[in-house]
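Heads up, the thing below is written out as C-alpha cells.
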Amino acid sequence: MNEASQTKDFYGRDFLITPDVLIPRPETEQLIDQVLILAGKPYLPGVKSTKRVLPQKPIIIDVGTGSGCIAITIKKELPNAEVYATDISEKALKIAQKNAENLDAPINTIISYLLEKVKSRELPTPDLVVANLPYVDKNWDWLDKESLSKEPEFALYAEDKGLKLIKELIKEVVELKIKHLILEADPCQHEEIKQYAKKAGLQFKETRGFIIYFSV
Ligand SMILES: C[S@@+](CC[C@H](N)C(=O)[O-])C[C@H]1O[C@@H](n2cnc3c(N)ncnc32)[C@H](O)[C@@H]1O
C-alpha cells in the first residue's frame with residue numbers, strides 16, 4: 001500500500017484505510033451493537049440478553065462497504081453469518097478485500113449499485129441489510145468541509161438533503177421483502193427517514209445514536 005495508507009481502529013480491530021475509502025467513525029460502531037442485539041448476542045453494558053430475531057445462520061449484506069469495517073466486524077462477531085459486502089467503487093472493494101484477508105474474515109465482496117445484484121439474483125436475498133451510505137447534505141452550515149476533504153466525495157455526500165440513496169435503498173428493501181434494515185444517518189434526518197420508511201411499508205423499531213433499525 002502507498003504512503004497515504006494508515007490504519008484505524010473499529011470495534012477493537014485495525015483497518016487499513018486509504019484515500020479511496022471513508023475513515024470508519026465511532027458512531028458506526030453502534031450499528032454493530034444493533035446487529036448483535038438482533039442476533040441475541042449483545043455486548044452492551046446494561047443489556048444482558050436479547051431474543052434472537054435473526055436466523056442462526058443469517059445472510060447479511062453490507063451496502064456501501066468502503067473499508068469493509070462493518071461487514072468484516074459482523075463476520076468476526078458472528079462467524080455463522082454469510083456476509084456480503086457491496087460498493088460502487090472497485091477501489092474501495094479492493095481495500096475491503098485486503099482488510100478481510102488481514103483480519104481472516106471470509107466475506108464476499110461484489111460491485112453493486114445498492115441492491116441491484118440481489119434484484120438480478122447474483123446475490124441471495126438477505127435476512128438483514130445494513131448500510132452506512134453517503135448521507136451528508138452539502139448545504140449543512142455546520143460542515144467542516146476542510147476536514148472532510150481528505151475523503152472521497154462519493155462516500156460522503158448525497159442529493160435530496162442527503163437522503164437520496166437511503167430512500168432508494170428503503171424502496172428496494174420493501175420490494176425485495178427483506179425483513180430487517182439497519183441504517184446510519186445523522187439524527188437530524190431520522191424523523192424524515194422514519195416517515196418515508198413508514199409510507200413505504202417498514203416498521204420503525206429503534207434508534208441508537210446515529211443508527212435506525214426497521215423491520216417489516
Ligand atoms: C459513508 S461511506 C461508508 C463506508 C463504510 N461502510 C463505513 O461505515 O465506514 C459510503 C460508501 O458507500 C458507497 N456508495 C456510494 N453510493 C453507493 C451506491 N449507490 N451503491 C453502493 N455503494 C455506494 C461509497 O463508495 C462508500 O464506500
So, of the residues in the range 173-208 that are charged (D, E, K, R) and farther than 24 Å from Val118 by Cβ, which turns out to be surrounded by the fewest Cβ atoms within 10 Å (Cβ to Cβ)? Glu191
Among the numbered conditions (1) under 17 Å from the mean Cα position of the chain (by Cα); (2) within 23 Å of Asp20 (Cα to Cα), tell me where His190 comes up short. (2)
Residue list for the range 179-202, restricted to those being more than 16 Å from the ligand (Cβ to nearest atom) and in contact with a helix residue (DSSP H, G or I) (Cβ under 8 Å, 6 or more places away or on another chain): His180, Tyr196, Ala197, Ala200, Gly201, Leu202
In this structure, is Pro19 of a type outside the set (Phe, Trp, Tyr), closer than 18 Å to Lys98 by Cα, within 16 Å of the ligand (Cβ to nearest atom) and crowded, with 16+ Cβ neighbours inside 10 Å? no
Of Leu148, Leu176, Leu165, Leu183, the only residue that is at pLDDT 95 or above and over 15 Å from the mean Cα position of the chain (by Cα) is Leu176
Is it true that some residue in the range 159-172 is touching a Leu at 6+ places or on another chain (Cβ under 9 Å) and more than 21 Å from Ile61 (Cβ to Cβ)? yes
Asp141 meets each of (1) farther than 17 Å from Phe214 by Cβ; (2) touching a residue at least 24 places away in the same chain (Cβ under 8 Å) with one exception, condition (2)
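Is there a residue in the range 68-79 that is surrounded by 15 or more Cβ atoms within 10 Å (Cβ to Cβ), within 21 Å of Ala185 (Cα to Cα) and among the hydroxyl-bearing types (Ser, Thr, Tyr)?
Just the residues of the range 68-79 that are surrounded by 15 or more Cβ atoms within 10 Å (Cβ to Cβ), to begin with: 68-78.
Still in the list and also within 21 Å of Ala185 (Cα to Cα): 68-74.
Those left that are additionally among the hydroxyl-bearing types (Ser, Thr, Tyr): 73.
Checking the range 68-79: at least one residue is surrounded by 15 or more Cβ atoms within 10 Å (Cβ to Cβ), within 21 Å of Ala185 (Cα to Cα) and among the hydroxyl-bearing types (Ser, Thr, Tyr).
Determine, yes or no, whether Ser89 is at pLDDT below 95 and either touching a Lys or Arg at 6+ places or on another chain (Cβ under 6 Å) or farther than 24 Å from Leu202 by Cβ (or both). Walk me through it before giving the result.
Details: at pLDDT below 95: no; either touching a Lys or Arg at 6+ places or on another chain (Cβ under 6 Å) or farther than 24 Å from Leu202 by Cβ (or both): yes.
Answer is no for this residue.
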Quick one: in the range 128-178, which of the residues that are of a type in the set (A, V, I, L, M) and more than 23 Å from Cys69 (Cβ to Cβ) is farthest from the ligand (Cβ to nearest atom)? Val174
Considering every residue within the range 57-69, establish whether at least one is over 24 Å from Glu168 (Cα atoms) and over 13 Å from the mean Cα position of the chain (by Cα). yes
Just give me the residues in the range 179-205 being in contact (Cβ under 8 Å) with a residue 60 or more places away in the chain and farther than 17 Å from Asp137 by Cβ, in sequence order. His180, Ile182
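The values are calculated or read from the model by the stated rules, or taken from the named source; none is laboratory data. These figures come from a predicted structure and were not determined experimentally. Using ideal geometry, Cβ is built from the backbone for each residue, glycine included, and neighbour counts are taken over all protein chains shown.
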